[in-house]
1. Round to a whole number: what % of the accessible area of the chain belongs to carbon and sulfur, probe 1.4 Å?
2. What list of ³J(HN,Hα) couplings, whole Hz, do you get for region 77-94 from phi and the Karplus terms 6.51, -1.76, 1.60, once you set θ to phi - 60° and write x for glycine and proline?
3. Report the net charge of residues surrounding LYS141, where surrounding means a beta-carbon distance below 12 angstrom and charges are Lys +1, Arg +1, Asp -1, Glu -1.
4. Once you've got the GNM for the chain with C-alpha springs shorter than 10 Å, pick whichever of PRO120, PRO56, PRO69 has the biggest mean-square fluctuation.
5. Suppose every K and R has +1 on its Cβ and every D and E has -1 on its Cβ; what is the size of the dipole of region 1-141 about the Cα centre, in Debye to the nearest 20?
6. Roughly how large, in nm² to one decimal, is the mean projection of the convex hull of the alpha-carbon atoms in the chain?
7. Find which of TYR64, ILE114, GLY77 sits farthest along the positive direction of the dipole of the chain, computed with +1 on the beta-carbon of Lys and Arg, -1 on that of Asp and Glu, about the Cα centre.
8. Could you identify which residue out of VAL81, VAL137, VAL101 has the top mean-square fluctuation in a GNM of the chain using Cα springs shorter than 10 Å?
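The values are calculated or read from the model by the stated rules, or taken from the named source; none is laboratory data. Remember, it's a predicted structure, so these values are computed and weren't measured experimentally. A quick note on method: Cβ atoms are made from the backbone with ideal geometry, for glycine too, and the neighbour counts reach across all protein chains shown. Ligands, DNA and RNA are excluded from the accessible area calculation, which covers all protein heavy atoms including side chains. Shrake-Rupley method; radii C 1.70, N 1.55, O 1.52, S 1.80 Å.
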Amino acid sequence: MERTFVMIKPDGIQRGLAGGILSRFEMKGFKIVAAKFGILPEAIVDKHYEEHQAKPFFPGMKAYITSGPVFRFVLEGENVVATVRKMNGATNPAEAAPGTVRGDYALSIGKNVIHAADSPTSADREIGIHFAKSELVAYEKIDEPHIYD
Ligand code: CMP
């Protein structure tokens, strides 16, 4: 079963959106297999956003993402990577469709409420950066026969 990495950013926490957003994913049918709340260590930010390090927005983004607590979690389910990306909407909230997290809750690209891995390869990489293997919980959820064909 596929897994993805999701992070509610400091703006989402400060605005009290974390519970409602997690609830969207739970109601869709995805399973929570790990979760963590706190301020990101600098080394984790550098690893996570490695591909953006040379970009002009990186210093501001790094200062922002470490400015307050974030809520990180791992979700599991069929096509979870692509589905969560769709549910979040376009990275730039101005282009995010209504009904998506960013379409409903965000106005600017730097404060776009949520991050989710963009491919199964990125998901594996990001889960490995943020969670130890022992923190990923394998369990059966009783509603699975009612969610999957
Ligand atoms: P995220 O999915 O977390 O990946 C990189 C983040 O950089 C992105 O979401 C944005 O929140 C942030 N960011 C800030 N400024 C820009 C920008 N000009 N272009 C793209 N991403 C930006």
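1. 55
2. x, 5, 6, 5, 5, 5, 5, 5, 4, 5, 5, 7, x, 4, 3, 8, x, 5
3. Values: positive: LYS31; negative: GLU26, GLU76, GLU140, ASP143, GLU144.
Residues close to LYS141 contribute a combined charge of -4.
4. Looking only at PRO120, PRO56, PRO69, the largest GNM fluctuation is found for PRO56.
5. The dipole of region 1-141 has a size of about 260 debye.
6. Averaging across all directions leaves 8.9 nm² for the Cα convex hull.
7. Highest projection toward the positive end goes to TYR64.
8. Per the Cα network of the chain with a 10 Å cutoff, VAL137 tops the list.
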